[in-house]
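As structure tokens, the structure follows; a few thoughts come after it.
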Amino acid sequence: MIKAPKPDQENELDIKPPLFRFETSTHRHKEVIFIYFDSDSEINAKVKKLAGVKWSQTKKAWYVSDNQTYREKFSLPPKPIGKEVLAHIFAENQPALQLFIETLQLKAYSESTIKTYRNEFAQLLYLLKNVQVNTLDSAKLRSYFLYCTNTLKLSENTLHSRINAVKFYFEQVLHRETLFFEIPRPKKPSQLPQVISAKDIKKLFEVTLNLKHNLMLKLCYGMGLRVSEIINIKIADIDSENMQVFIERAKGKKDRYANLPESILQQLREYYKANKPKKYLFEGQYGNQYSIRSVQKVFKDAMQKARINKAVGIHGLRHSFATHLLDNGTDIKFIQELLGHNDIKTTLRYIHVTRQSLKNVKSPLDKL
């Protein structure tokens, strides 16, 4: 190892390769960076002044928390996140990942679920490095999820996804059904659906001049569709005689019919004549199926043009559809069918959002 020069007393120590060697690892159930250098009392004194630095007796080295700040300071590459971790999984756990994906495919999970589960399971494999995942017991898994909660500060929804993915591996792939019996789940936050007012939705349509984009947004709102359902509509799914659209294999692989708004029929015919789609109602530039991201961008651009400053995605059109139906007196059971909810409890969330019913409640002050 190259001997590090003694730094100027007045300057901060420049801790970078090749004079220093670093090792990312897991120590005391935390991701850390070990700092190695040739013995030098002055350099050692400087390293000791790093914020949060600790000494490992077993490794005979100083270490700090593995975070973005120290990675930049040490000229290390940023930590991989999301699907990027797939390229950093050790060979010892590659067979487990492959078997995990194949089991999801054989059980006919949707592509979206497979992608989510794969990425969440990969986070655990990345952290394990060369430790085989099938050697973990319930105590180690519990420790891992505590690390996800206390150190990574994952949201409740992300933590649920990660638990589901890891649980699937141990229960559905390895058939260890009792492993998660004593591991509690975080309580999910009670979040109300984000709704856009009817006035703003009208403004949204007015600023969207492109015929295709305008029709997309109107169908999302007018039929209460998910963005994945919009791009999957085929020409053959539209029954203009009965004013219905067949929604095939939606969330949960459930088929249903959605009502086609009468006000959209003429625009739909104009769009068909102008674009002549072959298979899907909305097709890309080269005749392929329109992408979810493209539809999301159409919505985002329309929100900006309409100057609607609200943190809501395109799914807000579906929430608005349900809430506005409820405001207009539509029975909750009909709304459940139109949205394709299996459980009425999911639909009942909109009762807490609707403003019309709340406006009818008189304050006891008015009766004094």
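What follows draws every value from the coordinates through simple rules; no lab data is involved. The structure presented is a predicted model; accordingly, all values stated were derived computationally and were not measured. Here Cβ is always computed from backbone atoms with ideal geometry, including for glycine, and neighbour counts include all displayed protein chains.
Annotations for the structure displayed:
- Amide hydrogen neighbours beyond the local backbone of Gln244, cut-off 5 Å, H modeled: Asp239, Leu260
- Shown is the FRET efficiency for Asp237 and Ser65, computed with R0 = 35 Å from the Cβ-Cβ distance and rounded to the nearest 0.05: 0.10.
- The aspartates and glutamates within cross-link reach of Lys187, meaning a Cα-to-Cα straight distance under 14 Å and a gap of 8 or more places when in the same chain, are Glu156.
- For region 152-252, chymotrypsin sites (Phe, Trp or Tyr not before Pro) meeting the loop criterion (DSSP other than H, G, I, E, B) and having at most 10 other Cβ atoms within 10 Å: Phe181.
- Subtracting the Cα-Cα distance of Thr178 and Ser39 from 0.36 nm times their residue separation leaves 45.1 nm of extension gain.
- Our summary gives region 198-358 a relative contact order of 27 percent, counting only alpha carbon pairs under 8 angstrom and 6 or more residues apart.
- Kirkwood Rh (inverse of mean 1/r, distinct Cα pairs), region 20-114, angstrom: 16.1
- As a length-normalised measure over Cα pairs under 8 Å and 6 or more apart, the relative contact order of region 108-174 settles at 49 percent.
- Each Lys or Arg adds one and each Asp or Glu subtracts one; over the other residues with Cβ under 12 Å from the Cβ of Ser25, this totals +1.
- Contact order, relative form, for the chain: 12 percent (alpha carbon pairs under 8 Å, 6 or more residues apart, mean separation divided by residue count).
- Nitroxide proxy distance, nm - points 7 Å out along Cα→Cβ at Ile292 and Val207: 2.5
- Backbone HN-Hα couplings from phi across region 244-259 [Karplus 6.51/-1.76/1.60, Hz, Gly and Pro as x]: 9, 10, 7, 9, 8, 6, 6, 4, x, 6, 9, 7, 7, 10, 10, 6
- Cα centre as origin, Lys/Arg/Asp/Glu Cβ charges: region 198-358 dipole, Debye: 620
- Across region 277-292, coupling constants 3J(HN,Hα) worked out from phi with the 6.51/-1.76/1.60 Karplus curve, θ = phi - 60°, read x, 8, 10, 8, 4, 10, 10, x, 4, 10, x, 7, 5, 4, 8, 4 Hz, and Gly and Pro carry x.
- Applying a threshold of 24 Å to the alpha-carbon distances of Lys49/Lys73; Lys83/Lys167; Lys59/Lys167; Lys16/Lys79; Lys234/Lys254 flags Lys59/Lys167 as lying beyond it.
- Each of Trp62, Trp55 was scored by other Cβ atoms within 10 Å of its Cβ. Arranged with the fewest first, they read Trp55, Trp62.
- Lysines with Cα under 18 Å of Lys203, excluding same-chain neighbours fewer than 8 positions away: Lys212, Lys218, Lys297, Lys300, Lys305, Lys310
- Calculated Rg and Dmax of region 198-358 using C-alpha coordinates, Å: 15.5, 49
- With a cut-off of 12 Å between beta carbons, the residues surrounding Tyr272 carry a summed charge of +3, where Lys and Arg count +1 and Asp and Glu -1.
- Using 0.36 nm per residue and subtracting the Cα-Cα separation, the extra length available between Tyr257 and Glu92 on full extension is 54.6 nm.
- Translational diffusion coefficient of the chain (Stokes-Einstein, Kirkwood radius from Cα pairs, 25 °C, 0.890 mPa s): 97 µm²/s.
- Estimated translational D of region 214-278 in µm²/s (Stokes, Kirkwood radius over Cα pairs; 10 °C; 1.306 mPa s): 131
- Its Kirkwood hydrodynamic radius, worked out from the mean inverse distance over all distinct Cα pairs, puts region 82-173 at 13.3 Å.
- Region 21-73: C-alpha pair distances exceeding 13 Å, %: 57
- Positive-end residue, the chain charge dipole about Cα centroid, Cβ charges, pick of Gln285, Leu211, Leu326: Leu326
- Relative to the Cα centre, the charge distribution of the chain, modelled as +1 at Lys and Arg Cβ and -1 at Asp and Glu Cβ, gives a dipole magnitude of about 560 debye.
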